[in-house]
Amino acid sequence: MTSDLKTPVANDSIPTDPQIERYQHQYHSLDAPEISDAEYDRLIASLPQQSVGASPLGHFGKIQHNVPMLSLQNAFTKEDVLAFHKRICHDLGTTNVEYAVEPKYDGVAVSLLYQGGELVRASTRGDGLFGEDVTENIRTIPSVPQRLLGEKYPDLLEVRGEVYMTRAGFDDFNLRAIANGDKPFVNPRNAAAGSLRQVDPKETANRPLEMIGYVVAQVQGDFPSLHSERMKALAILGLPAPPQALVTIDGVFQYYQEMQDHRTTLGFDIDGIVIKVNSIHFQDQIGSTNHAPRWALSYKFTPQEEWTTVEGIDIQVGRFGTLTPVAKLKPVFVGGTTVSSVTLHNEARLKEKDIRLGDTVVVRRAGEVVPQITAVVMVRRPEGSAPFVFPTQCPSCSGEVRSNKCTAGLACPAQRVAAIQHFASRSAMGIDGLGAAVAEQLVKGNLVRSFPDLYRLTLEQVEGLEGMAEKSAQNLLDSIALSKSVPLSKLLNAIGIPRVGKSAANDLAEHFSSLEAVMCATKEDLKKVVGSVVSHEVVEFFAQSHNQEMVRQLQNLGIRCFHVASQAPENSLHIFLGKKVVITGKFSSMTRAEIKEKLTALGARVVDNVSKKTDYVVAGQDPGVKLEKAKSLGIPTISIEEILVKNPV
Ligand code: IVH
């Protein structure tokens, strides 16, 4: 019999304080932890090395591991990994070390024993020396073979691996749990651990569990002597095994980055990568401590989940009056950013999750996805807390709320702020410098009651706003003035026709070409372009006299928006519509002011400096650095003659 994992000489674990022991017990044995996995990792990393594990629970038989079931040493930084590599090189007397790298599955460790090709025993890690006998539960997992495949298998094979739950399986299971009035699990790892420890194997069979084998603890008979080959051999025997990448130390960092970038696409949680010396001969030479093998390292990712507390539940009012609950959180760094507020979507979702003031919640930010609250940590719920009561009056205007919507329309200040913010946004009129704070002040100060009011703002009024310096006030007014000639689709998106977003606005603009044509169109005409639901909204919108008045005022204020064909011909008057143009050099035929006026009349926004966002540069004689920069950014240049020929005055 060969053994890959060395028996510890003595248990040298230092005594731990009772709280740490409690966390360890919760992490390894119970499935209702009191601190987050990320916090637990940080705590363990801050302690001197010790044996980590948990005593087996009562209701399963005890199994003594023939070979102690160890954990892994954790690394969190590049320096940690380089220190590991240095030690390995020192131990082996070479810098030429081949590593096998693989995902670190976030589940629960198990050990499976096959004798004569049959699965005879399965256990959890327990305290590393004694585990729980979960054989019958393990037998219910579809990916665990009862019998090894093929004719050629080792007489005895002990495989260690991870039982885990996929994200989809977890979401599905939790939804069912909530529907049945049961407590949901906080994450797939806890769900996997809890499912594996069901007293009734029939219950385990209902849980969507998977198994992957990642190390051979004992083997009798022929077996490969490279870790990567062993993993292939497991797969041939019918035991799922991790994909292998064989790399040098540089490749480790590349693999880590790739896995971190792709972790959300895998369908199951991984919390890092595991680096293993590939040669089993070298592994034996390097050996183990009584806590972990010295030939392997777990290199953890930045956590995607953290726990924090709910400090408030705000109700936001959208531009069409929809009330959205938003959790205000004690700021927490997760998935690469600080999160302090998270949408709870709507009353139904909030009720379903039963998130309360003072609750400890799990905040998840995976990749570029917006952060969400995935669970409430019930063991931490403060005593005497009550479910959140959704308001029956609008928190902004005290107006009536029907079907979770404020019915006051633009008479409600919050709806007005949201409408103006949307009007100014990039996909609408593209007014720079008009964010939430400015919109709020304009509405509160009664300077803007409707969209046309924006075009009546004076420098004095804007300068009077909080946090507005003279230059930024002028910039805002310039940007408002420039928005007068945006493409029609943007205007249609901006003015707040219900159900008309970017895509419907594009279709309408393309088909009708002018605002007047959209306003005069019959429901039948509109239906052919945007379908019956949207066409109904468009007709209703323009039938209302205050909307007609709003459009009339916009037109009187000089707003001229037309459709720009996406394939605008080069000689079209429209190539400058909505484009950022920089003028540089000297011109003999016109003054700069005249050129600026001409370009503005053609719908361009004339700006001072060349940046990535510049669309064209109009270059005269001796153009200088601006032209050089434009060329380096690949921005097209146009001469003034070309403009005049194609667009005579
Ligand atoms: S190798 C001797 N490989 O992570 C221990 N472990 O945090 C050998 N884990 O106890 C472990 N994925 O439960 C290994 N690809 C992988 C793993 C992996 C997940 C778990 C395992 C281990 C824990 C340490």
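Identify, from the list Leu644, Leu633, the residue that is surrounded by fewer than 18 Cβ atoms within 10 Å (Cβ to Cβ) and modelled with pLDDT under 85.
Answer to the check: Leu644.
Does any residue of the range 231-240 turn out to be in contact (Cβ under 8 Å) with a residue 12 or more places away in the chain and closer than 21 Å to Glu305 by Cβ? Show your work before the answer.
Taking the range 231-240 first, the residues in contact (Cβ under 8 Å) with a residue 12 or more places away in the chain are 231-232, 234, 236-240.
Now narrow it down to the ones that are closer than 21 Å to Glu305 by Cβ: none.
No: the range 231-240 contains no residue that is in contact (Cβ under 8 Å) with a residue 12 or more places away in the chain and closer than 21 Å to Glu305 by Cβ.
Please go through the range 217-254 and pick out each residue that is away from the ligand (no atom under 12 Å from the Cβ) and part of a loop (DSSP other than H, G, I, E, B).
Of everything in the range 217-254, those that are away from the ligand (no atom under 12 Å from the Cβ) and part of a loop (DSSP other than H, G, I, E, B) turn out to be Gly221, Asp222, Phe223, Pro224, Ser225, Leu237, Gly238, Leu239, Thr248.
So, in the range 60-75, of the ones that are small (Gly, Ala, Ser) and closer than 16 Å to Pro293 by Cα, which residue ends up farthest from the ligand (Cβ to nearest atom)? Even if it seems obvious, please write down each step before you answer.
So in the range 60-75, the residues small (Gly, Ala, Ser) come out as 61, 71, 75.
Right, trim to closer than 16 Å to Pro293 by Cα and you get 71, 75.
Values: Ser71: 5, Ala75: 11 Å.
Per the stated criteria, the residue is Ala75.
Considering every residue within the range 179-201, establish whether at least one is over 30 Å from Gln372 (Cα atoms) and of a type in the set (S, T, N, Q). I'd like the intermediate steps shown before the answer.
Kept after step one, since they are over 30 Å from Gln372 (Cα atoms), are these residues of the range 179-201: 199-201.
Going one step further and asking which of them are of a type in the set (S, T, N, Q), we end up with none.
No, because not a single residue in the range 179-201 is over 30 Å from Gln372 (Cα atoms) and of a type in the set (S, T, N, Q).
Tally up the residues in the range 196-216 that are assigned to a helix (DSSP H, G or I) and within 16 Å of the ligand (Cβ to nearest atom), please.
Residues of the range 196-216 that are assigned to a helix (DSSP H, G or I), as a first pass: 196, 201-205.
Applying the additional criterion that residues be within 16 Å of the ligand (Cβ to nearest atom) yields 196.
Summing the residues that are assigned to a helix (DSSP H, G or I) and within 16 Å of the ligand (Cβ to nearest atom) in the range 196-216 gives 1.
Look at Val376 and say whether it is on the phi < 0 side of the Ramachandran plot, surrounded by 14 or more Cβ atoms within 10 Å (Cβ to Cβ) and among the β-branched types (Val, Ile, Thr).
Working: on the phi < 0 side of the Ramachandran plot: yes; surrounded by 14 or more Cβ atoms within 10 Å (Cβ to Cβ): yes; among the β-branched types (Val, Ile, Thr): yes.
Here the answer is yes, as Val376 does meet what is asked.
Taking the condition of being assigned to a strand (DSSP E or B) and out of contact with any Phe, Trp or Tyr (no Cβ under 6 Å at 6 or more places or on another chain), how many residues in the range 342-361 meet it?
Our first condition is that a residue be assigned to a strand (DSSP E or B); within the range 342-361, this holds for 342-343, 360-361.
Narrowing the set further to residues that are out of contact with any Phe, Trp or Tyr (no Cβ under 6 Å at 6 or more places or on another chain) leaves 342-343, 361.
Residues flagged as assigned to a strand (DSSP E or B) and out of contact with any Phe, Trp or Tyr (no Cβ under 6 Å at 6 or more places or on another chain) within the range 342-361 amount to 3.
Suppose we filter Pro240, Pro224 for residues that are surrounded by fewer than 19 Cβ atoms within 10 Å (Cβ to Cβ) and touching a Ser or Thr at 6+ places or on another chain (Cβ under 7 Å); which single one remains?
Working: Pro224 fails: touching a Ser or Thr at 6+ places or on another chain (Cβ under 7 Å).
Exactly one residue qualifies, and that residue is Pro240.
Conditions tested, residue by residue: (1) crowded, with 19+ Cβ neighbours inside 10 Å; (2) in a loop (DSSP other than H, G, I, E, B); (3) modelled with pLDDT of 95 or more; (4) hydroxyl-bearing (Ser, Thr, Tyr).
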{"residue": "Ser532", "(1), (2), (3), (4)": "no, no, yes, yes"}
{"residue": "Val539", "(1), (2), (3), (4)": "no, no, yes, no"}
{"residue": "Arg552", "(1), (2), (3), (4)": "no, no, yes, no"}
{"residue": "Gln567", "(1), (2), (3), (4)": "no, yes, no, no"}
{"residue": "Lys612", "(1), (2), (3), (4)": "no, yes, no, no"}
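How do the pairs read when you match residues in the range 196-218 that are within 30 Å of Gly287 (Cα to Cα) with residues anywhere that are acidic (Asp, Glu) and in a strand (DSSP E or B), using Cβ under 8 Å and keeping only pairs 6 or more apart or on different chains?
Met211/Glu162; Ile212/Glu162; Tyr214/Glu102; Tyr214/Glu162; Val216/Glu158; Ala217/Glu158; Gln218/Glu158
If you check every pair at least six apart or on different chains, which have Cβ atoms under 8 Å apart with a residue in the range 65-80 that is of a type in the set (Gly, Ala, Ser) first and a residue that is assigned to a loop (DSSP other than H, G, I, E, B) and more than 9 Å from the ligand (Cβ to nearest atom) second?
Ser71/Gly53; Ser71/Gly128; Ser71/His291
Can you tell me which residues in the range 264-278 are surrounded by 19 or more Cβ atoms within 10 Å (Cβ to Cβ) and either away from the ligand (no atom under 12 Å from the Cβ) or among the polar types (S, T, N, Q) (or both)? Before you say what the answer is, go through the steps one by one.
Here is the first cut: in the range 264-278, the residues surrounded by 19 or more Cβ atoms within 10 Å (Cβ to Cβ) are 268-278.
Passing the criteria: only Asn278.
Pairs please, first residue from the range 285-297 and touching a residue at least 40 places away in the same chain (Cβ under 8 Å) and small (Gly, Ala, Ser), second anywhere and assigned to a strand (DSSP E or B) and near the ligand (Cβ under 10 Å from one of its atoms), Cβ atoms under 7 Å, 6+ apart in sequence or on different chains.
Ala296/Val274; Ala296/Ile275; Ala296/Lys276
Using beta carbons and a limit of 9 Å, which pairs, at least six apart or on different chains, have the first residue in the range 97-118 and of a type in the set (Asp, Glu) and the second one away from the ligand (no atom under 16 Å from the Cβ)?
Listed by first residue and then by second, the contacts come to Glu98/Thr248; Glu118/Gln146; Glu118/Arg147; Glu118/Leu148.
The values are calculated or read from the model by the stated rules, or taken from the named source; none is laboratory data. Note that the coordinates shown come from a computational prediction; the quantities given were computed from them, not determined experimentally. With ideal geometry, Cβ positions are generated from the backbone for all residues, glycine too; neighbour counts draw on all protein chains shown.
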